[in-house]
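Read the structure below first, then the notes.
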Amino acid sequence: MDSSQDSWQNICERQCNEDPYSNDGTMIFPLFHFILLFNSQSLKNDDCFHLLLFTNHCAFDGRSGFVLINDFLTLATSSDLNPIAEPLNLDILPLMNDLIPRPFGPLYPILTFLAKRLIRSEFRKLTRPRIPIKLYPLPDSQSKKFHVPRYYTKFLFSSSSVDLYDCLHKQCRLRELTLNGPLYACLLLAIHYCFPLKDNIRLQPFAIGAAFDMRSRLPRSPLTKSSVGLFIGVSEIELRRSLSIRSTRFWSLAKKCMINTRNQLKRNGVPLIMNILTDLASNEQSFQRFTRDFPDGRHSELAFSNIGKYPFACDYSKGEIRLHGLHVINNNSVYRTSTVVFVTCAGDGQLDVSLSHEIDSDERAKQFLDFYMRLIETCANEKLCREETTLTDILQSAQ
């Protein structure tokens, strides 16, 4: 379809906010579908085409989208359009939650009881969010299956300079860090700057939800890198104590963020939380009681998903077609996180960042995303972000 009369961003936001449910909220169709947009008025050849992939919640873990996009582009650019004779895959993959070991043995029921009480106490804090929100109920979205309506989710998209991935990877390699460390650190600093507290001289702990690709992290798992479905584990990452903005070095914060992220894969992180959520979801009555504690359906303020690099070659049809950018977004449905940041990368060039949000003003949301991007650009610059660079230094450089 021709997108010259409307931007791909608006088309994506509008379609993602359509009600995906049918049959009184019990079914979601279709599983996935593609829309190819062509802007006939674009002055840049690289900006003429946009491929949109919409998936429902059975295959929305980001990596599944990568697999589907690669399959689509491979088939669409193949010179041989004859049907490929392959055996039909009749294997039914088990639910991922069934593959996650239940931790702590006989102590699990006691820890689950305590964890549920702690989680409910955290929900009460969401009535006074640090990131201010403004809710827009969607018309005719109230279903008998849910006790809260669906709300409109707004989207913002941004892309970095063309060599950011390579520069940031070089900075991390020198310090034996993963990219996830500085990306998380920059997100904490963006929250500190855009949504300040009274004590603005210290970086205060702030809980951020994290999603983990579990395809290669489960014992005896039949999952592969090409498995399509919902194969993520979730947990929450938070600093143990506040840090001085003036004296804390940026790369020290990035290392803390990396270690905290890795620690969530241990038994008191993803395994415990996923088993608790599985137990709650397996009983409809307990799940309904649990979700009634969500203020307006929100179960957290902010989540971050570092989906990472596109795991396939970006060139198709012998280089005639190239994937330049890749954004991932989630409209979060009924029970949701009010603000979600996604980071992806096609090739070794730019980072593509997406923001789904309910922030109280469009201007404030854009300020938040723009400042986050400037922080990432700053920490990737070896001249602006050295070993001795403090949090104050990097905040000033990004302003």
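The values are calculated or read from the model by the stated rules, or taken from the named source; none is laboratory data. Keep in mind that what you see is a predicted model, and the values were worked out from it rather than measured. Every residue, glycine as well, gets a Cβ built from its backbone with ideal geometry; the counts of neighbours run over all protein chains shown.
Scanning region 311-327 for residues that are crowded, with 20+ Cβ neighbours inside 10 Å and under 15 Å from S64 (Cβ atoms) returns a single hit, L326. Scanning region 354-363 for residues that are surrounded by fewer than 22 Cβ atoms within 10 Å (Cβ to Cβ) and in a strand (DSSP E or B) yields a single hit, L355. Only one of the numbered conditions (1) buried (at least 16 other Cβ atoms within 10 Å of the Cβ); (2) over 16 Å from T153 (Cβ atoms) is violated by N330, and that is (2).
Is it the case that some residue within region 120-134 is modelled with pLDDT under 90 and under 24 Å from L230 (Cα atoms)? No - not one qualifying residue is present in region 120-134.
Only one entry of I259, I237, I245 meets the criterion of being touching a His at 6+ places or on another chain (Cβ under 9 Å) and closer than 30 Å to E387 by Cα, and that entry is I245.
Here region 333-343 is the region considered, the condition is being surrounded by 18 or more Cβ atoms within 10 Å (Cβ to Cβ) and in contact with a Phe, Trp or Tyr (Cβ under 7 Å, 6 or more places away or on another chain), and the residue that is modelled with the highest pLDDT is V341. Each residue in region 268-309 was checked for being in contact (Cβ under 8 Å) with a residue 24 or more places away in the chain, surrounded by fewer than 18 Cβ atoms within 10 Å (Cβ to Cβ) and in contact with a Leu (Cβ under 7 Å, 6 or more places away or on another chain), and 2 pass. Of the residues making up region 207-262, those that are within 16 Å of N180 (Cα to Cα), part of a loop (DSSP other than H, G, I, E, B) and of a type in the set (S, T, Y) number 0.
Taken over region 149-180, residues that are assigned to a helix (DSSP H, G or I) and more than 17 Å from F342 (Cβ to Cβ) amount to 8. Within region 56-93, being of a type in the set (D, E) and either modelled with pLDDT of 90 or more or more than 25 Å from I307 (Cα to Cα) (or both) holds for D80, E86, D91. Each residue in region 140-182 was checked for being surrounded by 17 or more Cβ atoms within 10 Å (Cβ to Cβ), at pLDDT 90 or above and among the aliphatic types (A, V, I, L, M), and 5 pass. Note on region 48-61: among residues that are within 13 Å of N331 (Cα to Cα) and touching a residue at least 40 places away in the same chain (Cβ under 8 Å), the one that is surrounded by the fewest Cβ atoms within 10 Å (Cβ to Cβ) is H57.
The residue that is surrounded by the most Cβ atoms within 10 Å (Cβ to Cβ), counting only those in region 367-397 that are farther than 20 Å from D166 by Cα and free of Cβ contacts under 8 Å to residues at least 60 places away in the same chain, is S397.
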